[in-house]
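The values are calculated or read from the model by the stated rules, or taken from the named source; none is laboratory data. These numbers come from a predicted model, not from an experiment. All Cβ positions, even for glycine, are placed from backbone atoms using ideal geometry, and neighbour counts span all protein chains on display.
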Amino acid sequence: MGSQSQPQPTPAFKIFVGYDPREDIAYQVCRHSILKHSSIPLQIIPIVQSQLRDKSLYWRQRNQLESTEFSFTRFLTPYLADYQGWAMFVDCDFLYLSDIKQLVDLLDDKFALMCVQHDYTPKETTKMDGAVQTVYPRKNWSSMVLYNCSHPKNKILTPELVNTETGAFLHRFQWLEDDEIGSVPFVWNFLEGHNKVVEGDSNTYPKAVHYTRGGPWFEAWKHCEFADLWLNEMEDYLNKKNKDEKEEEEKEPTQTKSLHGIYHCLLFLIMLHNTSTIAVAVLHRREDRAMMTTTTTISSPTLSLSLSPTCHSRFHPNPISSISPFNKIKLITPQRRSIFTFTMEAVDSSSSSSISNNNNSNSNSSVWKQLQKGIAEFYDESSSLWENIWGDHMHHGFYDPDSTQVSLSDHTTAQIRMIEEALRFAGMTSGGDDEMEVVDVGCGIGGSSRYLANKFNAKCEGITLSPVQAQRANQLAFAQGLAHKVSFQVADALEQPFEDGKFDLVWSMESGEHMPDKQKALTNVSVQFVSELVRVAAPGGRIIIVTWCHRDLEEGEESLQEWEQNLLKKICDAFYLPAWCSTAHYVKLLQSHSLEQIGMKTIKGALAMPLMIEGFKKGVIKFSIITCRKPPLSSSS
């Protein structure tokens, strides 16, 4: 018999979806709706701006007219598809009601791209969560585009061009002639609030609804047209997600499932349980595994860990069980998102790479980028654990200084008390008549942002280096009905994506510790931490910094004592921190900007982690509130 050729599998059609962490739920529902109705294999790829920046594919500065993070990154679609075949880009605010195969069947190789050619002039001046609504020719043509990536004309869409060309050139497809742009029926980009269904005419029924003004995940648009369809799809997505997670859990081997609780408390215990065996541990990501590296000299990589099944809910765990040896073991995260192999490796503390001991190189931008990446990975991997332990607020609490026993519920109350104490010290017990604007620098999963938004009826924007934190913060905002008030994005605290003088309150809760070279802010280096806080503060606005510092130097002292520096090094290594500065140094930085009402206060009732208790008791470190006011425009200063 002659050999018979096997049928080749149909290649997956690539769909690139614009992703904005403020609209994570919109992306998830859009993706779910596409896959749910599709009869052909698909590869759905989110276009995430922070990832493109990490790969040096996108470096464009964001301007005020960009309502989403994918306003320009969408035009990288042919490049990301290797200029091969056809691929689609679509905004995340779409809901698909029909099989994507019907759209793929319309592809015509004579065109460089195909899209719905709307004649659309919006009536509203704002959209989504208050973003500016812009009007321009070919409005919304670029919101869903079928790219013939192999077409010679599309080879012009390189990262260099996308980062430098004007919005008009890109959104109007000005690199193409009119006859190179194919048309798609409007029902594949049915604009909610603009296009109309004609009763009895099936050609007007939407196949994909575009919530271009704002979808029901925004409070202001929860009653928009077709909101019920989106909400039903969201419910379907959440039900499927929960079902898939349950099935995955049931498939896990018994031994693996028994380790969920171990991972749940593992990082917490290593960080907080102050034993002679393991003083410090840093979580690093290495390809498909995570590596925990101790900074204590150990003769063997085999370690004994004391683990408590209750340590996830108590701050003074009483170890009752032991696992040994702990050399290599597979663990799965509490969310069942991914499985890692953890390896304990001993490293001589004298040779461990401490960022805090390299003050001179911190000024180098490459070192800061490396530090940024480490911080992001650290919180990407550990944020779910901290949330399980501490709840919405990923920061310390304010306690009675004589407290000895602390429960998780006590800690939640104390975290709110810490926020209130900082506000009280800054003289901000209530908001003004106008809606406040707040920025939360180093927002974690957004606990402070949501609290401040509720307290002051404020609009709050949070920034973090961790995509996982930004996504989770937006999910919580949506779940708590605050998506219209708060939003979160991945951004650098040293180069904040905001215009000058925007915020009435600039809030930094336990993020200053992560910032390198705070001393450099005394020079004219504009991208440094304190300088950026001052820059984005509105005239008359308040700046509140709550942070760990080392003790102030005595007159005549040039540095901390050697034993104090060694203790700080342990703390900095554990939590991926650069060198700390003193409270007095923060005050000098603020004075250098001619700020008003500068004040500082030491919190004596902050719950310190065991690793930090020694330094706290010996006066090497302290927990400080530092506040100031930016002079109003009318000030003579």
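Looking across segment 164-208 at every residue that is in contact with a helix residue (DSSP H, G or I) (Cβ under 6 Å, 6 or more places away or on another chain) and among the aromatic types (F, W, Y), the one that is surrounded by the fewest Cβ atoms within 10 Å (Cβ to Cβ) is identified as W175. Out of all the residues in segment 423-452, which are outside any helix (DSSP H, G or I), farther than 23 Å from I598 by Cα and of a type in the set (G, A, S)? Answer for segment 423-452, where residues must be outside any helix (DSSP H, G or I), farther than 23 Å from I598 by Cα and of a type in the set (G, A, S): G444, G446. For segment 484-508, a residue qualifies if it is among the charged types (D, E, K, R) and free of Cβ contacts under 8 Å to residues at least 40 places away in the same chain, and the qualifying residues are E495, D500.
Modelled with pLDDT of 95 or more and not β-branched (V, I, T): is that true of Q84 in this structure? The answer is yes for Q84.
Considering the conditions (1) surrounded by fewer than 18 Cβ atoms within 10 Å (Cβ to Cβ); (2) touching a helix residue (DSSP H, G or I) at 6+ places or on another chain (Cβ under 7 Å); (3) at pLDDT below 70; (4) not basic (K, R), I598 is excluded by exactly one of them, (3).
Residue check: is C30 in a loop (DSSP other than H, G, I, E, B), within 24 Å of the chain's Cα centre (by Cα) and under 18 Å from V209 (Cβ atoms)? When the stated conditions are applied, C30 does not pass them.
Only residues that are among the acidic types (D, E) and more than 25 Å from the chain's Cα centre (by Cα) were counted in segment 212-232, giving 2. For segment 118-155, give me each residue that is part of a strand (DSSP E or B), modelled with pLDDT under 95 and aromatic (F, W, Y). Result: no residue meets the conditions.
Please go through segment 533-543 and give me each residue that is touching a residue at least 60 places away in the same chain (Cβ under 8 Å) and at negative phi, ordered by number. First the steps, then the outcome.
Initial filter on segment 533-543 (touching a residue at least 60 places away in the same chain (Cβ under 8 Å)): 533-534, 536-543.
Matches in segment 533-543: L533, V534, V536, A537, A538, P539, G541, R542, I543.
Inside segment 102-112, can you point out the residues that are out of contact with any helix residue (DSSP H, G or I) (no Cβ under 7 Å at 6 or more places or on another chain) and either in a loop (DSSP other than H, G, I, E, B) or closer than 18 Å to F16 by Cβ (or both)? The answer is V104, D105, L106, L107, D108, D109, K110. For segment 52-78, a residue qualifies if it is at pLDDT below 90 and within 17 Å of D24 (Cα to Cα), and the qualifying residues are S67, T68.
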